[in-house]
1. Can you find a residue in region 43-54 that is over 14 Å from residue 19 (Cα atoms), in contact with a strand residue (DSSP E or B) (Cβ under 9 Å, 6 or more places away or on another chain) and either modelled with pLDDT under 95 or not in a loop (DSSP other than H, G, I, E, B) (or both)?
2. Has region 31-39 got any residue that is in a strand (DSSP E or B), at pLDDT 95 or above, farther than 23 Å from residue 12 by Cα and touching a helix residue (DSSP H, G or I) at 6+ places or on another chain (Cβ under 9 Å)?
3. Report, by residue number, each residue of region 55-94 that is part of a helix (DSSP H, G or I) and either out of contact with any strand residue (DSSP E or B) (no Cβ under 7 Å at 6 or more places or on another chain) or touching a residue at least 12 places away in the same chain (Cβ under 8 Å) (or both).
4. Go through region 21-40 and give me each residue that's exposed (fewer than 10 other Cβ atoms within 10 Å of the Cβ) and over 27 Å from residue 51 (Cβ atoms).
5. Given (1) modelled with pLDDT of 95 or more; (2) touching a strand residue (DSSP E or B) at 6+ places or on another chain (Cβ under 8 Å); (3) surrounded by 10 or more Cβ atoms within 10 Å (Cβ to Cβ), identify the lone condition not met by residue 97.
């Protein structure tokens, strides 16, 4: 799926990457009976279990090499979160650094 949404050629220059890892809710967070399939009111949003977020990040950055970017050394900023979701998946947003950005 990564390749199908990738640019035709890998991006150049400095990049910012925003990633959301959406993990599936376990059965224990769903109601039963008449309300089967609905989340319980106290179901958490934050996913604080394994896998560790740094391991997920490493996988994504390495998978993006020669597909999204030439090498993950181009990435200078990463924002990420690991959450529960009814629609599991990984959302990756890559932004090229504005050319008008000046170093101090």
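The values are calculated or read from the model by the stated rules, or taken from the named source; none is laboratory data. Computed from a predicted model, the values in this text were never measured in an experiment. Every residue, glycine among them, receives a Cβ derived from its backbone with ideal geometry; neighbour counts consider all protein chains shown.
1. Among the residues of region 43-54, at least one is over 14 Å from residue 19 (Cα atoms), in contact with a strand residue (DSSP E or B) (Cβ under 9 Å, 6 or more places away or on another chain) and either modelled with pLDDT under 95 or not in a loop (DSSP other than H, G, I, E, B) (or both), which makes the answer yes.
2. Going residue by residue through region 31-39, those that are in a strand (DSSP E or B) are 39.
Within this subset, residues satisfying the condition of being at pLDDT 95 or above are 39.
Keeping just the survivors that are farther than 23 Å from residue 12 by Cα gives 39.
Those left that are additionally touching a helix residue (DSSP H, G or I) at 6+ places or on another chain (Cβ under 9 Å): 39.
Taking every residue of region 31-39 in turn, at least one turns out to be in a strand (DSSP E or B), at pLDDT 95 or above, farther than 23 Å from residue 12 by Cα and touching a helix residue (DSSP H, G or I) at 6+ places or on another chain (Cβ under 9 Å).
3. Those that are part of a helix (DSSP H, G or I) and either out of contact with any strand residue (DSSP E or B) (no Cβ under 7 Å at 6 or more places or on another chain) or touching a residue at least 12 places away in the same chain (Cβ under 8 Å) (or both): 55, 56, 57, 58, 59, 60, 61, 62, 63, 64, 73, 74.
4. First, the residues of region 21-40 that are exposed (fewer than 10 other Cβ atoms within 10 Å of the Cβ): 27-28, 33-34, 36-37.
Correct list: 33, 34, 36.
5. (1)
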